[in-house]
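Okay, structure first, notes after.
The values are calculated or read from the model by the stated rules, or taken from the named source; none is laboratory data. Everything quoted here is computed from the prediction, not taken from an experiment. Virtual Cβ from ideal backbone geometry, glycine too; neighbours counted across all protein chains shown.
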């Protein structure tokens, strides 16, 4: 092996390097022509080419043509993030007859041109380092074979609110068998307690009634109410579900994918602003009162951000302002002479329709007053005392009803559900998606998806859209005849002595300890589940003996990259 990690003089390894301009994202800060010329001088590189967009149709065609014309045995693409584009380049290699695992990427955009825009000379040197390291590793890549597994074409939707109902209805419509599990006696979740939906002002009962009817009439949907999840085992495609109904009877089910739509609950502001559930209520309690045709409050004061944006719950609940404005408009429509005051810290009315609703409410005479969080409003017997930070004066606002806008909070059992499924929650016990932009409805655990207010406070249209999106994501698995997984996962070597240091370190619970007999003696070693494993490498980094490794990231390959870097 040469000092740069390549195989010097090898006639078997023929590497092609493709340097991408990515428009101006890379070429605007790096000299791509010089990088291509440099790549051509590296050991085992027999072809180097730069492209405006390597991921374009013409760029992919150039890779495939070069593999055939130059008999390439390895491909290195120097471009953007492997997270978004590696599957595309691997697929291109596979189509050209080259094993997809003989493709490597050097991220010279995210890790170089974007982060070193003001340091172009140093960035150029770093890009050369990244390409040299990728070439060194590519020389040692080995062909791999994808892992295949069978599956059960059935889904479980956990939660019967609007998000869960939307997901169940969508899955049923495409022919998937659905198990809908709801802990309450009735379907509907939070929507059961709402009056009208903002900003459209549709009746919540009409929206809910229609989708419940669709789900309950679908022949391929099995609805289980008053049922709780008690355990989840297995892997994607074959999840083993344990359930318990109100009588304590337990049942086992097998599903291929899971949609988590367990929702959220309104925060009860006990001890805040004189809350008593009568004269001082929450927005959610007001929703129920608005269903009563005799409701006729004359003087209503609404206080925003009660129980949110505070040390206990630092987040903004997003939908409270919309709810307050929507309910205020409805109160005024019922009684134009009613006085409605909204006391706020900031107004969160994202979207053009919501913004229009805010301005319409001002035109109808609804008054908005900002308050200082350091001197919040004080609810007294018949008036709300408000310090106005702009004038420095304190005024009294009479009321016959005070409405507190409180946040949605995660259900108390969210951590237990997360533990069953090996999925994460954030600091507020909302479920945490795999990536906010790239995988907003996925978990890191394959085959489990997320929708609605289980993820974060959301409006009804947003929850519906997320339910449909989660169903679509689940169908990417359930529509297949078999599941195919990356071969770049961990494997146990003969150096393993069963110390099990890697077992607790694995974030995906993909490692277990087993006993075996050798020379008449009982010994222990670890074994890996190739479907659960994501190839993160934590186990290999933990093991001091080399007893567990990861395909595509062997010690020799990593050492070759380090050696190549040190040449700079």
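Within the set 506, 533, 499, the sole residue that is touching a strand residue (DSSP E or B) at 6+ places or on another chain (Cβ under 6 Å) and either modelled with pLDDT under 95 or under 30 Å from residue 159 (Cα atoms) (or both) turns out to be 533.
Of the residues making up the stretch 311-334, those that are closer than 20 Å to residue 460 by Cβ and either assigned to a loop (DSSP other than H, G, I, E, B) or not assigned by TED's automatic domain parsing to the domain that holds residue 356 (or both) are 315, 316, 317, 318, 319. Being more than 15 Å from residue 18 (Cα to Cα), at pLDDT 95 or above, more than 28 Å from the chain's Cα centre (by Cα) and in a helix (DSSP H, G or I) is a property that holds for residue 126. Taking residues in the stretch 416-442 that are without any contact (Cβ under 8 Å) to a residue 24 or more places away in the chain, and partners anywhere that are surrounded by fewer than 16 Cβ atoms within 10 Å (Cβ to Cβ) and not in a loop (DSSP other than H, G, I, E, B), the pairs with Cβ atoms closer than 9 Å and at least 6 places apart or on different chains are 425/415; 429/415; 433/439; 435/83.
For the stretch 517-544, residues that are outside any helix (DSSP H, G or I) and either touching a helix residue (DSSP H, G or I) at 6+ places or on another chain (Cβ under 9 Å) or closer than 23 Å to residue 148 by Cα (or both) total 14.
Let's see how each residue does on (1) touching a strand residue (DSSP E or B) at 6+ places or on another chain (Cβ under 9 Å); (2) buried (at least 18 other Cβ atoms within 10 Å of the Cβ); (3) at pLDDT 95 or above; (4) not assigned by TED's automatic domain parsing to the domain that holds residue 226:
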site	(1), (2), (3), (4)
237	yes, yes, yes, no
292	no, no, no, yes
297	yes, yes, no, yes
300	yes, yes, yes, yes
307	yes, yes, yes, yes
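Can we say residue 502 is surrounded by 13 or more Cβ atoms within 10 Å (Cβ to Cβ), in contact with a helix residue (DSSP H, G or I) (Cβ under 7 Å, 6 or more places away or on another chain) and not assigned by TED's automatic domain parsing to the domain that holds residue 87? Before the answer, list the steps.
Numbers: surrounded by 13 or more Cβ atoms within 10 Å (Cβ to Cβ): yes; in contact with a helix residue (DSSP H, G or I) (Cβ under 7 Å, 6 or more places away or on another chain): yes; not assigned by TED's automatic domain parsing to the domain that holds residue 87: yes.
So residue 502 fits the description; yes.
Inside the stretch 285-310, residues that are closer than 26 Å to residue 462 by Cα, in contact (Cβ under 8 Å) with a residue 24 or more places away in the chain and over 34 Å from the mean Cα position of the chain (by Cα) make up a count of 2.
Might you let me know whether the stretch 177-185 holds any residue that is in contact with a helix residue (DSSP H, G or I) (Cβ under 6 Å, 6 or more places away or on another chain), within 15 Å of residue 460 (Cα to Cα), modelled with pLDDT of 95 or more and outside the structural domain of residue 328 (by TED's automatic domain parsing)? Scanning the stretch 177-185, I find no residue that is in contact with a helix residue (DSSP H, G or I) (Cβ under 6 Å, 6 or more places away or on another chain), within 15 Å of residue 460 (Cα to Cα), modelled with pLDDT of 95 or more and outside the structural domain of residue 328 (by TED's automatic domain parsing), so the answer is no. Scanning the stretch 169-176 for residues that are assigned to a loop (DSSP other than H, G, I, E, B) and touching a helix residue (DSSP H, G or I) at 6+ places or on another chain (Cβ under 7 Å) turns up at least one hit. Does residue 131 satisfy the condition of being at pLDDT 95 or above and over 24 Å from the mean Cα position of the chain (by Cα)? Against the criterion (at pLDDT 95 or above and over 24 Å from the mean Cα position of the chain (by Cα)), residue 131 qualifies.
Among strands (runs of 3 or more DSSP E) lying entirely in the stretch 205-266, which contain 3 or more residues that are at positive phi and over 21 Å from the mean Cα position of the chain (by Cα)?
On the way: elements: 221-224, 227-235, 238-245, 250-255, 257-260.
Hits in the stretch 205-266: none.
Looking at residue 40, is it more than 36 Å from the chain's Cα centre (by Cα) and under 20 Å from residue 104 (Cβ atoms)? Criteria met by residue 40. Residue count for the stretch 13-32 satisfying the condition of being buried (at least 18 other Cβ atoms within 10 Å of the Cβ) and at positive phi: 1.
Results for (1) closer than 26 Å to residue 43 by Cβ; (2) surrounded by fewer than 17 Cβ atoms within 10 Å (Cβ to Cβ); (3) out of contact with any helix residue (DSSP H, G or I) (no Cβ under 7 Å at 6 or more places or on another chain), shown as yes or no for each residue.
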{"residue": "103", "(1), (2), (3)": "yes, no, no"}
{"residue": "134", "(1), (2), (3)": "yes, no, yes"}
{"residue": "138", "(1), (2), (3)": "yes, no, yes"}
{"residue": "141", "(1), (2), (3)": "yes, no, no"}
{"residue": "147", "(1), (2), (3)": "no, yes, yes"}
